[in-house]
Amino acid sequence: MGPLFKHFGLPVYHDAMLFVQMKPQPQHRTFESALAVARAPLGAGLQALAFFERAGLVKRVTPVSKESPHYASRMLVRPAIARGAMPELVGVAGENVDGWSAPTLNLNAALDQRTPGGATSLIELASDADVRQLQLSLAADPTVASVARVPARYLTAKSPSRSSSSLRKKAPVAPGGRIAAVPPSANTMWNLQKIKWNEARGLHGFKEADSIRVAVLDTGIDHQHPDLVDQIGGYTYEHPDLPGASSAQDLIGHGTHVAGTIAAAINNDLGINGVSRATIHAWKIFDDRPDLLKYSDGTAEYAYVVDPVMYLRALIDCADEGVDVINLSIGGGGRPDPTESAAFEALLANGTTIVAAMGNERRDGSPISYPAAIPGVIAVGATNLQDRVTNFSNRGNHITIAAPGDAIWSTLPTYPGQMGWRAERGPDGGWRQGKADVRETDYDAWPGTSMATPHVAGAVAHYLANGGTRNAAAVRNALAASADKVPAMGGQDFTPDFGYGRLNLEQLIVGIGQ
């Protein structure tokens, strides 16, 4: 079947949403001085926001930072609005003022410096028709640092071909866990052979990457999977202040598959081998509610989309915790808003290497996909068994490297789940949820640049563990210098299909210190 997880033809921005970033305000020595500033007259933009709230046009205001007191997620204004006066946004977040809760976009939110660049809130409006007017008003407010549409981010994997399902055999319970789809013998995995995995591990003085922290920002992870349970150092999925608070389960399986390629247990007589023994820190950036996705060609499906607040909170957490590598097997056509850009700049400045998938829209003209196209990010394309670029992998001059991304065996949750649902027309002509696109359990072979990207994330973990420089630019240079110039590159050092070549883990480690 065709790709399920692609973003071509889908909206590049979320409907009826804006990110608003406030300018940082000076700290105050006393509560009274802080409150005096909070009660100062509002700028035109915040007055417009207050007017929109009074008219019932604001559904919700959610601070990106989890440090905001009480996770304030609804903006309310002073009772003065009932008397026809222009309301003020006052007080301390969560404080009760005359029986009303104080709003999110107040002094304390502006003082909250955990969000890179300044305090940011997500404003959700009742209608997309109101976005432009409010955006213009807020942009003119001197207390607002930036206001931007919210870029949509989607998964960048393809559904496994149903034609290959008949080739998957069921197996009995194996020691440590059951297996639904049977992977090949771990020592015959073609993808690991291509990147010279065994040769790298046989190098004199080779060190395991168990001390390296690799963040997987994705659909979640099966933290009890027998091939992953000992590799997980942390898992964040709870967001009690968000309307679609998610469970610990990885319903789609995408994040578990990515994590397995990076760090499934090695030589444990079960399932597959991961590229490394890095420690996985997982952040679930999807909630458990599928969205109706309408494509520009008139078709539709019910699928999962990155939650913008969960995503930005995960990036901020990664910066706070100083993770070494981030795997982002997601993409979308919308340019980053200022908060997303600031988060990436902070991560890169702190030495974190970020790898992201190029996307799977090659047949649609290889549209630019973010975050892969963000400066400083290592963008990864997908190759097949013949060392050729796959028929879905996007091309572009921002690509850094290619890695195996076709029929990649990896872990899936041990419990059932689905990658989405078909959208069907109901009697009234509207869309309704149809049959689920059920996934395998335990293990399966998936294609996608999503599957290529974790090969590079695992390789970077090895590079760092073996003495490589913890600097994103240095890592990129090392990957470029060590990549194999495959025949399909036609003798060129760089092509928009392969970047600097196909990943070679052995040469990446050999090149350290040279």
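A few comments on the model shown:
- Model label sites at Asn198 and Thr299, defined 7 Å from Cα along the beta-carbon direction, differ in position by 4.1 nm.
- Arg132-Ala488 FRET efficiency (beta carbon distance; Förster radius 45 Å; 0.05 resolution): 0.45
- Paramagnetic label zone (point 7 Å from Cα along Cα-to-C-beta, Glu238; backbone N under 18 Å) in segment 273-301: 282-288
- Taking the C-alpha atoms of segment 303-354, convex hull volume expressed per residue in Å³: 82 Å³
- Using the Karplus relation 6.51 cos²θ - 1.76 cosθ + 1.60 with θ = phi - 60°, the per-residue 3J(HN,Hα) values for segment 279-291 come to 8, 8, 10, 9, 10, 7, 10, 10, 8, 9, 10, x, 9 Hz, with x marking Gly and Pro.
- Whole-Hz Karplus values for segment 369-374 come out as 10, 10, x, 4, 8, 6 Hz, taken residue by residue from phi with 6.51 cos²θ - 1.76 cosθ + 1.60 and θ = phi - 60°; glycine and proline positions read x.
- Projected onto their three principal axes, the Cα atoms of segment 155-510 cover extents of 66, 51, 43 Å, largest first.
- Take the Cβ atoms of Ala474 and Val510, set R0 to 22 Å, and the FRET efficiency comes out at 0.90.
- Shape of segment 252-388, Cα gyration tensor, a/c cut at 1.5: rounded
- Where only C-alpha atoms are counted, convex hull volume of segment 170-299 per residue in Å³: 159 Å³
- Gain in span if fully extended, Asn397 to Asp288, counting 0.36 nm per residue against the direct Cα distance: 35.7 nm
- Segment 356-405, Cα convex hull volume normalised per residue, Å³: 60 Å³
- Relative to the current alpha-carbon distance between Ala248 and Val182, full extension at 0.36 nm per residue lengthens the span by 21.2 nm.
- If you take the Cα centroid of segment 445-512 and the Cα centroid of segment 194-233, the two points sit 16 Å apart.
- Extension reserve of the Ser211-Tyr415 stretch, reckoned as 0.36 nm per residue once the Cα distance is removed: 70.5 nm
- Spacing of the two label points (7 Å from each Cα toward its C-beta) at Arg363 and Gln386, in nm: 1.7 nm
- Protection proxy ranking, peptides 371-378, 415-422, average beta carbon neighbours within 10 Å, highest first: 371-378, 415-422
Read-outs: derived from the displayed coordinates by stated rules, not from any lab. As the structure is a computational prediction, the values presented were derived from the model and not from experiment. Note that each Cβ is placed from the backbone with ideal geometry, even for glycine, and that neighbours are counted across all protein chains shown.
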